[in-house]
Amino acid sequence: MRKIDKIIVHCTAGNQSDTAADIVRYHTNPKSRGGCGWKTAGYHYIIEANGKIVNTVPEEKISNGCYGHNGNSINVCYVGGVDTSKSYLPPIDNRTPEQKKSLLALLKILRKKYPEARIYGHRDFAKKACPSFDAKTEYAGL
Ligand SMILES: [Zn+2]
């Protein structure tokens, strides 16, 4: 078992209509086909706009979500997080009520499973807006 001490929340920074399968394809497709060319997708869980939670990487495997912190983390991501009506894609917390509900439920489960882990946003480790809200504060009470 990996030692998990971080649960890191992300957004896809793309269209809210994307599915988990779209995201995994984008991460793992070769660069020659417009993907990132990664061996493993970026997140263990992806929460679609309708609230569906999709397990995309097994928890015991390392996912590619947060540079320098992946070895001991579970990466959780909601689909969305940018305003796609503007060409420069500014960050926006556009979690649907269904996504908020699923995210909360999933984080509660993960906190129980990994009691030593704390919840963070990607922005706590990188100069990024991801996940477009302050996850550390919002979920401090879990
Ligand atoms: Zn992120």
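Observations
- When 26, 78 are checked against the criterion of being within 16 Å of the ligand (Cβ to nearest atom), more than 23 Å from residue 137 (Cβ to Cβ) and in contact with an Asp or Glu (Cβ under 9 Å, 6 or more places away or on another chain), a single residue qualifies: 26.
- Scanning region 52-69 for residues that are more than 11 Å from the ligand (Cβ to nearest atom), open to solvent by 20 Å² or more (accessible area, probe 1.4 Å) and touching a Ser or Thr at 6+ places or on another chain (Cβ under 9 Å) gives 52, 53, 54, 56, 61, 62.
- Any hit, region 9-18, residues being in contact with a helix residue (DSSP H, G or I) (Cβ under 9 Å, 6 or more places away or on another chain), among the small types (Gly, Ala, Ser) and over 19 Å from residue 118 (Cβ atoms): yes
- Within this structure, residue 42 passes the test of being open to solvent by less than 30 Å² (accessible area, probe 1.4 Å) and either closer than 24 Å to residue 93 by Cβ or in contact with a helix residue (DSSP H, G or I) (Cβ under 7 Å, 6 or more places away or on another chain) (or both).
- Qualifying positions in region 20-63 - in contact with a strand residue (DSSP E or B) (Cβ under 8 Å, 6 or more places away or on another chain) and polar (S, T, N, Q): 55, 56, 63
- Strands (runs of 3 or more DSSP E) (entirely within region 1-104) containing at least 2 residues that are at negative phi and out of contact with any Cys (no Cβ under 9 Å at 6 or more places or on another chain): 53-55, 73-78
- In region 70-98, the residues that are open to solvent by less than 30 Å² (accessible area, probe 1.4 Å) and within 18 Å of residue 111 (Cα to Cα): 70, 73, 74, 75, 76, 77, 78
- Among the residues of region 120-141, none is identified as open to solvent by less than 20 Å² (accessible area, probe 1.4 Å), more than 10 Å from the ligand (Cβ to nearest atom) and under 16 Å from residue 70 (Cβ atoms).
- Filtered residue count, region 99-119, keeping only those that are more than 15 Å from the ligand (Cβ to nearest atom) and either more than 20 Å from residue 20 (Cα to Cα) or surrounded by fewer than 15 Cβ atoms within 10 Å (Cβ to Cβ) (or both): 13
- Test for residue 96: is it of a type in the set (Ser, Thr, Tyr), more than 16 Å from the ligand (Cβ to nearest atom) and either over 23 Å from residue 4 (Cβ atoms) or in contact (Cβ under 8 Å) with a residue 24 or more places away in the chain (or both): yes
- Selection from region 113-138 of residues that are within 17 Å of residue 99 (Cα to Cα) and in contact with a Cys (Cβ under 6 Å, 6 or more places away or on another chain): 130, 131, 132
The values are calculated or read from the model by the stated rules, or taken from the named source; none is laboratory data. Only a predicted model underlies this, so the values are computations on that prediction, with no experimental measurement involved. Neighbour counts run over all protein chains shown; Cβ positions are idealised from the backbone, glycine included. SASA here: full protein model, heavy atoms, side chains in, ligands and nucleic acids out. Shrake-Rupley method; radii C 1.70, N 1.55, O 1.52, S 1.80 Å.
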